[in-house]
Amino acid sequence: MLRAAVCVSGGGTNLQALIDAIEQGNVTNTQIVGVLSNNAGARALERAREHGIPSAAVCPRDYQSREAFEKAMLEKLCQMAPDLIVLAGFLVKIPEEMVCRFPNRIINIHPSLIPSFCGTGYYGIRVHEKVLERGVKITGATVHFVNEGMDEGPIISQKAVAVEDDDTPETLQRRVMEQAEWILLPQAVDDIANGRIRVVHGRVCRERSGQDIKETER
Ligand code: GAR
């Protein structure tokens, strides 16, 4: 059973999608062992409580320095003894020490088709504002492993979503969530929990199933 710790900052709809997928049996072999937030008032923490999942808040303002905050966050996560850390709308830059402690064991959902509209300053609704400003016709979402860079780790999955002429940042955000994020994130966790993907030379490869091998060799 994969022990997943989920990090959240706000609404928690991606966390909810993962909880629902586990409860409905669409994600198997997975248990959410804890939810961590940098924001004590996050709706996402309530969602965790509603489903009996242990939750905790580690807030930067309660610490004298960034280092002290990062150390506390890492300690809290390590206490959960996770196999996988899922960043589900976690708007905190992941410290290098955490990446070293969990190599290819942290995944993130980002609301654009990486490498477009990502990196420093691109998070949450801002991504959709920039997409509309630029006038692109296709956007989407990406799930990727987290490395030392910002939105730069190996890509697990992506899904395209159309931009409509009359979109506002809010309508576009909602469509990207409904058509891409809430599908991709649970799928990625299921793939990892069931050993279907691995990272080879910085790229994500899908394991060939026994059936696939037979079909290619036929
Ligand atoms: C989601 O759209 C997620 O992709 C984004 O924040 C939102 C959180 O919503 N994450 C980032 O921008 C990370 N760079 P949620 O709290 O309802 O899941």
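The values are calculated or read from the model by the stated rules, or taken from the named source; none is laboratory data. Everything numeric here is computed off the predicted structure, so don't read it as measured data. As a convention, Cβ positions derive from the backbone with ideal geometry for all residues, glycine included, and neighbour counts pool all protein chains shown.
Please pick out the residue among Gly121, Gly140, Gly153 that is surrounded by fewer than 15 Cβ atoms within 10 Å (Cβ to Cβ) and closer than 25 Å to Ile107 by Cβ.
Numbers: Gly140 fails: surrounded by fewer than 15 Cβ atoms within 10 Å (Cβ to Cβ); Gly153 fails: surrounded by fewer than 15 Cβ atoms within 10 Å (Cβ to Cβ).
None of the others qualify; the one that does is Gly121.
Are any of the residues in the stretch 175-186 in contact with a Gly (Cβ under 7 Å, 6 or more places away or on another chain), assigned to a loop (DSSP other than H, G, I, E, B), modelled with pLDDT of 95 or more and not basic (Lys, Arg)? Before you say what the answer is, go through the steps one by one.
Kept after step one, since they are in contact with a Gly (Cβ under 7 Å, 6 or more places away or on another chain), are these residues of the stretch 175-186: 176, 180.
Narrowing the set further to residues that are assigned to a loop (DSSP other than H, G, I, E, B) leaves none.
Checking the stretch 175-186: not a single residue is in contact with a Gly (Cβ under 7 Å, 6 or more places away or on another chain), assigned to a loop (DSSP other than H, G, I, E, B), modelled with pLDDT of 95 or more and not basic (Lys, Arg).
Can you tell me which residue is farthest from the ligand (Cβ to nearest atom) among those in the stretch 114-154 that are assigned to a loop (DSSP other than H, G, I, E, B) and of a type in the set (Asp, Glu)?
From the stretch 114-154, those assigned to a loop (DSSP other than H, G, I, E, B) are 114-124, 135-137, 146-154; that's our starting set.
Still in the running and of a type in the set (Asp, Glu): 148, 151-152.
Details: Glu148: 16, Asp151: 7, Glu152: 12 Å.
Applying the filter and picking the extreme gives Glu148.
Name the strands (runs of 3 or more DSSP E) wholly within the stretch 1-85 that hold at least 1 residues that are in contact (Cβ under 8 Å) with a residue 40 or more places away in the chain and surrounded by 21 or more Cβ atoms within 10 Å (Cβ to Cβ)?
Working: elements: 2-8, 30-37, 55-57.
Counting at least 1 such residues, we get 2-8, 30-37.
Does Pro111 fit the bill of being surrounded by 15 or more Cβ atoms within 10 Å (Cβ to Cβ), closer than 16 Å to Gly89 by Cβ, more than 16 Å from the chain's Cα centre (by Cα) and within 13 Å of the ligand (Cβ to nearest atom)?
Numbers: surrounded by 15 or more Cβ atoms within 10 Å (Cβ to Cβ): yes; closer than 16 Å to Gly89 by Cβ: yes; more than 16 Å from the chain's Cα centre (by Cα): no; within 13 Å of the ligand (Cβ to nearest atom): yes.
No.
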